[in-house]
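First comes the structure, then the notes that go with it.
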Amino acid sequence: MNHKLKMTLIAALSASTLHAADWSDTAVGYRYAPGQSEPGVSDKVSKNILSFTHVSGDKMGTNFFTIDLLQSNGADKNKGDSAGAQEWYGFYKRSFSLAAMTGAKGFGFAKDISLTGRVDAGAKNTSFAPAPRKLRLGASASMPVSAGFWDIGLEAYRESNHNGIVSKEVQFKTAPALSSAWAIPLGGGTFGGFLDVVGAKGKDGFGDETKTEMLFRATYMLDVLDPKAGLKAGLGLERWSNKFGCNNSISSVKNSCKATTPLLLVEYHL
């Protein structure tokens, strides 16, 4: 996908943010993941992660923006020395609610259907030097939960990336993506998380066929002190299979394409 087309799509998705928000929530957070994996890295990687998240709604739908700053330990080395790698990754997602735009009251099993567009970007200072750029277009259904939300979506996914080992820009094939996200009040706290499944997207920069990738995260967050203070803390679990489409069966480092790790989380809602 050429740069001009990408910028046009980003502008189209972002233009809707000019509408005045009816509601919004902004949070800064920290999470610690002691047992992540990185393709080609033999040891488990611990990461300290700072995050910024903003979500808002208007008369046409919702905006969601998040960005993570990640610091690995020495098992995942940066390009310059033996220190841990640093990384940033973020995305913006725009949803257009058919119920809001048409006045319809429900869509069969779903209480709403939304058209969605999402743009991802990131970079990392390892020898591989990944610089992912992703575009996702599709639709999502809002499930009829009594409180909170639960969305399920299906999208067309297109990615480009950089492989610094072979000094190559990689254009992957379009692949299907299944996504789900939820935040449901439960027992005095909130059970939240997401599931993201991306189908095989063709050959990677080494010429190997990619495999279907799955990222799952579930968290349980509780208010700390006064609920109005905006401070929350909790625990979570993250599972990543075939990370970045990596084929574990032919990887030079076995089991480096998958990991399950606990999470420690703290959030402050502004």
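A residue that is part of a strand (DSSP E or B), over 27 Å from Ser256 (Cβ atoms) and among the acidic types (Asp, Glu) cannot be found anywhere in segment 79-94.
The condition of being over 28 Å from Asp25 (Cα atoms), in contact (Cβ under 8 Å) with a residue 12 or more places away in the chain, exposed (fewer than 15 other Cβ atoms within 10 Å of the Cβ) and not charged (D, E, K, R) holds for only one of Val166, Val170, that being Val166.
Working only within segment 133-166, note down all residues that are of a type in the set (Phe, Trp, Tyr) and touching a Leu at 6+ places or on another chain (Cβ under 9 Å). Residue satisfying the conditions is Tyr157 alone. In the set (1) crowded, with 17+ Cβ neighbours inside 10 Å; (2) free of Cβ contacts under 8 Å to residues at least 60 places away in the same chain; (3) not hydroxyl-bearing (Ser, Thr, Tyr), Gly117 fails one condition alone, (2). Of everything in segment 173-197 that's more than 30 Å from Leu231 (Cα to Cα) and not aliphatic (A, V, I, L, M), which residue is surrounded by the fewest Cβ atoms within 10 Å (Cβ to Cβ)? Among those residues, the one meeting the criterion is Lys173. Suppose we keep only residues that are surrounded by 16 or more Cβ atoms within 10 Å (Cβ to Cβ) and aliphatic (A, V, I, L, M) within segment 198-230. Which one would you say is farthest from Ser167 (Cα to Cα)? Result: Met221.
Counting only residues that are closer than 20 Å to Glu38 by Cα, touching a Lys or Arg at 6+ places or on another chain (Cβ under 9 Å) and of a type in the set (A, V, I, L, M), segment 241-270 holds 3 of them.
Residue by residue, here is whether (1) out of contact with any Lys or Arg (no Cβ under 7 Å at 6 or more places or on another chain); (2) assigned to a strand (DSSP E or B); (3) modelled with pLDDT of 95 or more; (4) within 28 Å of Asn125 (Cβ to Cβ) holds:
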residue: Val197; (1), (2), (3), (4): yes, yes, yes, no
residue: Gly205; (1), (2), (3), (4): no, no, no, yes
residue: Lys211; (1), (2), (3), (4): yes, no, yes, yes
residue: Arg239; (1), (2), (3), (4): yes, yes, yes, yes
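If you go through segment 69-101 and keep only what is within 16 Å of the chain's Cα centre (by Cα) and either among the hydrophobic types (A, V, I, L, M, F, W, C) or under 23 Å from Ala21 (Cβ atoms) (or both), you end up with Leu69, Leu70, Trp88, Gly90, Phe91, Tyr92, Lys93, Arg94, Ser95. Residue count for segment 166-175 satisfying the condition of being in a strand (DSSP E or B) and closer than 17 Å to Lys211 by Cα: 3. Residues in segment 71-99 that are among the basic types (Lys, Arg) and touching a Lys or Arg at 6+ places or on another chain (Cβ under 9 Å): Lys93, Arg94. Among the residues of segment 4-45, none is identified as hydroxyl-bearing (Ser, Thr, Tyr), at pLDDT 95 or above and within 21 Å of Glu213 (Cβ to Cβ). Scanning segment 102-128 for residues that are closer than 30 Å to Ser167 by Cβ and within 19 Å of the chain's Cα centre (by Cα) yields Arg118, Val119, Asp120, Ala121, Gly122, Ala123, Lys124.
The values are calculated or read from the model by the stated rules, or taken from the named source; none is laboratory data. None of the values given here were measured: they were computed from a predicted structure. Glycine gets a Cβ as well: all are built from the backbone with ideal geometry, and neighbour counts include every protein chain shown.
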